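Shown next, in structure tokens, is the structure this report addresses.
Just so it is clear, none of the values below were taken in a lab; they were calculated from the coordinates. These numbers come from a predicted model, not from an experiment. Neighbour counts run over all protein chains shown; Cβ positions are idealised from the backbone, glycine included.
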Amino acid sequence: MFKARSSWTLAALVALTAVATAQNHVSGNRVDISGKAVGVVGDSGLPVCFGDGSWGRCPVNNPGAPGHGCDNSLGTGGAVLMAEGMPSLSKDSMVLSVANLPAGTTAVFMQGRKLSNPSYPFGDGLMCLGGQVLQLAMKRTVGGGSMFPDFGDQSLSRAGKIPYFGRTVVYQVLYRDVGFVTGTGRFDTFNLSNAWFTSWIP
């Protein structure tokens, strides 16, 4: 739990808890979402659930660049979440990094047990997480980006409470974005990156 949360964060997380659902189908070492193979156990994973129109329509007619989330107030294609390292509990070197965020904003790194199928509108973005959702860390952006874990943070597997036998999870970043206003008159204070699928091994 976070010791302090702003009103926008509380509102977003309460709404997320209320509506997060998931449907996915596991087969062997691959996960299939509506016929799409989206990952192999043992690598760092791969990006999924984009705001470019391939996974659903962005809620305020704000499609992002290919591979990104829905566009934000920067107008540069939306936030993009990436990961690198080894998703192994015995030698965890995984690091999540997000770029293309507004300067000086707050980013919430989240983990879901499943990939929501389909994704659904949430704020100015698309929510991709389903099942049990954990808030891993809250970070301030530096130069339009952020990362977790950073120096002094606990490892990603420990923060996500990955069990000793491993687990398939999905990551996504929720972030504050107050500058995006559309002609529809709708205005939300937060947006989302794309998601990242990872299969943890012992």
Of the numbered conditions (1) buried (at least 23 other Cβ atoms within 10 Å of the Cβ); (2) without any contact (Cβ under 8 Å) to a residue 60 or more places away in the chain, R140 fails exactly one; give the number of that condition.
(1)
What's the number of the condition S146 fails, among (1) assigned to a loop (DSSP other than H, G, I, E, B); (2) crowded, with 20+ Cβ neighbours inside 10 Å; (3) small (G, A, S)?
(1)
Taking the stated definitions as given, is T189 of a type in the set (V, I, T) and closer than 19 Å to M82 by Cβ?
no
Consider D92 carefully, then state whether it is in contact (Cβ under 8 Å) with a residue 24 or more places away in the chain and surrounded by 24 or more Cβ atoms within 10 Å (Cβ to Cβ).
no
M86: passes all of (1) over 13 Å from Y175 (Cβ atoms); (2) in contact (Cβ under 8 Å) with a residue 60 or more places away in the chain but (2)
